[in-house]
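J.: Mind looking over this structure? Questions follow.
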Amino acid sequence: MDENSLEVVTAIQATITASVLCQKINRDLARRGSILKSDRSPVTIADYGSQAIICKWIKEKFPCDAIVAEEDSTDLRNPAHSRILEQVTHYVNDFVPDASPERVCSWIDFSSHVVTDRFWALDPIDGTKGFLRGDQYAIALALIENGFVRLGVMACPNLYVEKDRPDGKRGCLFFAMKGKGSFQMDMDGGEKRVLSVSKIENPSETFMTESVEPDHADHLFHQRLAEKLNILRPSLRMDSQAKYGIVARGEATLYLRVPSPSEPGYKEKIWDHAAGSIIAEEAGGRVTDVLGHPLDLSCGIKMENNHGIVVSNGILHDIILEALKM
Ligand code: AMP
Ligand code: MG
């Protein structure tokens, strides 16, 4: 697979289109237009719109491939949410002229939660809470074959393009192919840049990134690890898999995700890590769980064989795993 492969071209185009839709909805609706799923996590018109567009494109180009995506249309089909479905259809229609409420639901439902030999893992909006706050979020799509990620594409519409200029231009597209490296482009086009992780060797110089949401990671434990390693720089809290992107481009040295005490048995979902992990690895980084085990994306939508996540520049990985044994 190279960057001209149909898989890569389709994944990049679909992801960018979905992110344009998400940004438009963000501007138009801000906090309005969200409904609560049964698990109480916020899901927006944008989640549904993004999934509808990406699933439609993938299915059109790869009719035999399975798609494992976060959302389904059950809540959307509820007559109580007909207004939401109308709005989703309205926005999708800007990009897919033949959209209708029924078609939008059927495109969303191209996805199932059944993992096969070759499938696409999609988080139509990773970091929905960040999206609702106007902070970071990502549209994350990965192709997985026999349990290994072959391709990862991630659009981060609110992420600053230059790692040294957080107030500068925003909108990053990350992508990586197995064995072919990891890249960043501006979302509105332009040259692609090869990414490589930071070369820092001294653990005290680690720059850590972690979730914003305290329920998603154990901030206190992260702080204790920072003290143990004499890390002076405060960690950067950021929503979504954008954290993998900033490790890949050598900005952060460590993305740590120790399960939060509010939900210690939480199992990570494949769509929250598949795209990000190959983007960090192909830039020279290392990705394991907190026990040092490689990520196992082959056992269903939940990563039952892993506990938490550690993403580093590689050089510091073993030191961090050792320090985590507290
Ligand atoms: P982040 O923005 O890195 O905090 O990650 C967002 C993702 O965290 C969401 O897409 C959820 O799938 C996931 N998530 C939800 N609950 C938890 C939890 N208790 N622990 C870890 N991750 C979670
Ligand atoms: Mg997610």
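The values are calculated or read from the model by the stated rules, or taken from the named source; none is laboratory data. Here the structure is a predicted model, which is why all the values come from computation and not from measurement. All Cβ positions, glycine included, derive from the backbone under ideal geometry; neighbour counts span all protein chains shown. Keep in mind that these areas ignore ligands, DNA and RNA; they rest on the heavy atoms of the full protein, side chains included. Shrake-Rupley method; radii C 1.70, N 1.55, O 1.52, S 1.80 Å.
J.: Taking the options Lys199, Lys192, Lys163, name whichever one is surrounded by fewer than 22 Cβ atoms within 10 Å (Cβ to Cβ), of a type in the set (Lys, Arg) and in a strand (DSSP E or B).
T.: Answer to the check: Lys192.
J.: Another question, if that's okay. Can you pull out the strands (runs of 3 or more DSSP E) entirely within segment 34-107 that have at least 1 residues that are in contact with a Leu (Cβ under 8 Å, 6 or more places away or on another chain) and at pLDDT 95 or above?
T.: Here the list reads 66-69.
J.: Looking only at segment 272-286, filter to residues that are away from ligand 1 (no atom under 14 Å from the Cβ) and touching a residue at least 40 places away in the same chain (Cβ under 8 Å); which one of those is most open to solvent (accessible area, probe 1.4 Å)?
T.: Glu281
J.: Just for segment 13-25: of the residues that are closer than 11 Å to Trp57 by Cα and aliphatic (A, V, I, L, M), which one is surrounded by the most Cβ atoms within 10 Å (Cβ to Cβ)?
T.: The extreme case among them is Ala18.
J.: Next question. What number of residues within segment 306-326 are exposed (fewer than 15 other Cβ atoms within 10 Å of the Cβ) and either at pLDDT 95 or above or touching a Cys at 6+ places or on another chain (Cβ under 9 Å) (or both)?
T.: Final tally of qualifying residues: 3.
J.: Specify the residue that is most open to solvent (accessible area, probe 1.4 Å); the eligible residues are those in segment 238-263 that are free of Cβ contacts under 8 Å to residues at least 60 places away in the same chain and within 9 Å of ligand 1 (Cβ to nearest atom).
T.: Top of the filtered list is Glu263.
J.: When you go through Val247, Val287 one by one, which is the residue that is part of a strand (DSSP E or B), at pLDDT 95 or above and of a type in the set (A, V, I, L, M)?
T.: Result: Val287 is the single residue among Val247, Val287 that is part of a strand (DSSP E or B), at pLDDT 95 or above and of a type in the set (A, V, I, L, M).
J.: As an exercise: evaluate Gly179 against (1) at pLDDT 95 or above; (2) open to solvent by less than 70 Å² (accessible area, probe 1.4 Å); (3) under 19 Å from the mean Cα position of the chain (by Cα) and give the number of the one condition it does not meet.
T.: Unmet condition: (3).
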